[in-house]
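Derivation of every value follows stated rules applied to the coordinates shown; laboratory data play no part. Keep in mind it's a predicted model, so treat the numbers as computed, not measured. Here the Cβ is made from the backbone with ideal geometry for all residues, glycine too, and neighbour counts use every protein chain on show.
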Amino acid sequence: MMTAYIIKLLVLLPVMGGLIFAALWLYRKYQPALMTAQKDRRVKILETLPMGGFTKLAVIEFEGQTLLISVNRNRVDRLAASVGQP
């Protein structure tokens, strides 16, 4: 009884590890393609930087302006703006 459990564990553990690795690999491979799909939009996310917790800094482009914004759960604040390309 216990031997069957250990054999199942030894078989399924590498399978689960492989599935997790494959999912992470696919995410890293196709994430840049999702960012390039924004070319037709008026608002473009140029870069994001996690700052810890639920706060992020983001550089976005909107109507010829480049904006630095802070994003958290409750608010979005504009920190800086410049006209033209970054």
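Data table
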quantity	calculated
The chain, relative contact order [Cα under 8 Å, separation at least 6], %	15
14 Å beta-carbon shell around Met51, net charge (K/R +1, D/E -1)	+1
Computed [θ] at 222 nm, helices only, for the chain once each DSSP H run of length n ≥ 4 contributes -39500 (n - 2.57)	-15000 deg cm²/dmol
The chain - convex hull of the alpha-carbon atoms, volume per residue in Å³	147
Exposed trypsin sites (Lys or Arg not before Pro) absent - longest run of the chain, DSSP non-H/G/I/E/B, at most 13 other C-beta within 10 Å	1-38
